[in-house]
Amino acid sequence: MQFGLFQQQTTTLIMTQELRQAINLLQYSTTDLSAFIHEQALENPLMDLQDQASMQTGSESSYIEGSISKTKSYQKSEDEASPIDYALVDQVSLSEHLISQAGEIALSKEREKQLHYFIFSLREDGYFCRSFTEVCNDLMISEEEGEDVLRILQSFDPAGVGARSLQECLYLQLKHLSNKAPLAEMIVMHHMEELASKKWKALAAELDVTLADIQDVYDLIQTLDPRPGTQFSGEPTNYLIPDLSITWKDSELVVQLIDDSLPPIRLNRDYEKLLKQPNQAEATEYAKQKYQQIQWLLKSIEQRQQTIKKVAEAIVRHQRAFFESKNGVLKPLTLKDIAEEIEMHESTVSRATTHKYAQTPRGLYELKAFFTSSVKNGFGESTSSQSIKELIKELVANESKAKPLSDQKIVTWLESEKGITVSRRAIAKYRDELGIPSSSKRKRYE
């Protein structure tokens, strides 16, 4: 061991700003990438984003070499246009909906003011969230008067609005039904816990009714809305925009990028002159720096597009059977399989498939959905977890509702009929992912 100065050559990967930008762009969805491009345009005066109108009428800006090319293959014709495309986003908030109803009934000015105060004390889901006593004190009214105001509010649409608990919300909705259900009202207000925990035999004995009557109450409650205010959310609905299209063409699956939402990037001619003015060195250097940023952005976007398409094409080759029929199932596939095939790192494949959606012959899917774990069957072959889920769905759909299959019975059936060995815990996990309740909660009394 000694101290000293030594010269040594090494090769290291330096995370430059440009490399970091390329990595970040890869994990962006097309919507996020479009927003990022607009942000860059605000910071870079040389960058000019053109909309479709300006592209048709002509522009004073010039294209930068290597600018984003548009994928026209997926554009919909007028015959394919969806009615949703023409829907006007004009949502009414819950408070506006309730205030309009308050204006339709005869109320004194003072009572109308009190009712408005109660309306603005509701949560977005329609529940009365504040302390009832506190609200009454704010309005300087007694709690008896407050109950009168709340009763008016609870008579409004949607049924269940103004409730102070889940039980009260469900009870109010039952009261609004044209076909009254007194047994359901009584169970909701006094026996909700027993109903939810499936203690139906004891509940039926206590109320002197049949198990079929309890089943009817349970089915009725399932039709009610536990959060009646959410249908009036003030936030506009956000629709998923596919990044890719996967279509059949001449018996082959074709992957195409959908980048119509990305704005074409052009060079602003007003600032382009600065690149060729030697007498303004400082301004020219600034313009060159900004021009270089645009070039790096275009290069990163192009690399992102090529990587995503390459990954998607590899996925399609592996999962062809899934697209060939509506009953096709996914084969076992991991990030490592794709990474090795296209000679990329697993992290790159992960970024290229995160938040990327493909419009396929079987609907809209996130690219991540095509990766599924495998389970060995008794013949030494691999079966995907997705295939097992499909088998579970089929078993549950055809089971006797009076005697539903337990997780252990599903395990036994898979092993004896399909040669698939899987644990009961795994079956419970798959069942939860499918949204299938346990056998005790699937049982019906007819």
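Taking the Cα-to-Cβ direction at E340 and at S251 and moving 7 Å from each Cα, how far apart do the two end points lie in nm? The answer from the label model is 3.0 nm.
Annotation for region 386-446: trypsin sites (Lys or Arg not before Pro) lying in DSSP loop with at most 16 further Cβ atoms inside 10 Å of their Cβ are K401, K418, R444. Put the Cα centre of region 104-149 next to the Cα centre of region 277-320 and the gap is 58 Å. Of the trypsin sites (Lys or Arg not before Pro) in region 256-348, the ones in a loop by DSSP (not H, G, I, E or B) with at most 12 other beta carbons within 10 Å are K326. When only the Cβ of Lys, Arg, Asp and Glu is charged (+1, +1, -1, -1), the dipole of region 296-425 relative to its Cα centre reaches about 380 debye.
Computed on the Cα atoms alone, the convex hull of region 175-330 gives a volume of 293 cubic angstrom per residue.
Taking label points 7 Å from Cα along the Cα-to-Cβ direction, R123 and L5 give a separation of 6.8 nm. When the pairs K249/K309; K356/K443; K249/K429; K180/K429 are compared against a 28 Å limit on Cα-Cα distance, K356/K443; K249/K429; K180/K429 fall above it.
Please give me, ordered by residue number, the GluC sites (Glu not before Pro) of region 330-429 that lie in loop per DSSP and have at most 15 other Cβ atoms within 10 Å.
The qualifying sites are E343, E381, E399.
Taken along its three principal axes, the alpha carbon spread of region 107-175 comes to 31, 24, 22 Å, from the longest extent down to the shortest.
Divide the volume of the convex hull around the Cα atoms of region 196-255 by the residue count and you get 212 Å³ per residue. So what is the diffusion coefficient of region 303-342 in µm² per second by Stokes-Einstein at 25 °C and 0.890 mPa s, using a Kirkwood Rh over Cα pairs? So the translational diffusion coefficient is about 225 µm²/s.
Principal semi-axes of the equivalent ellipsoid, √(5λ) from the alpha carbon gyration tensor of region 114-217, are 32, 13, 11 Å from largest down.
Using R0 = 56 Å, the C-beta based FRET efficiency linking D148 and K401 works out to 0.75.
Coordinate-derived values only; no laboratory data. Quick caveat, the model's predicted, so the values are computed rather than measured. All Cβ positions, glycine included, derive from the backbone under ideal geometry; neighbour counts span all protein chains shown.
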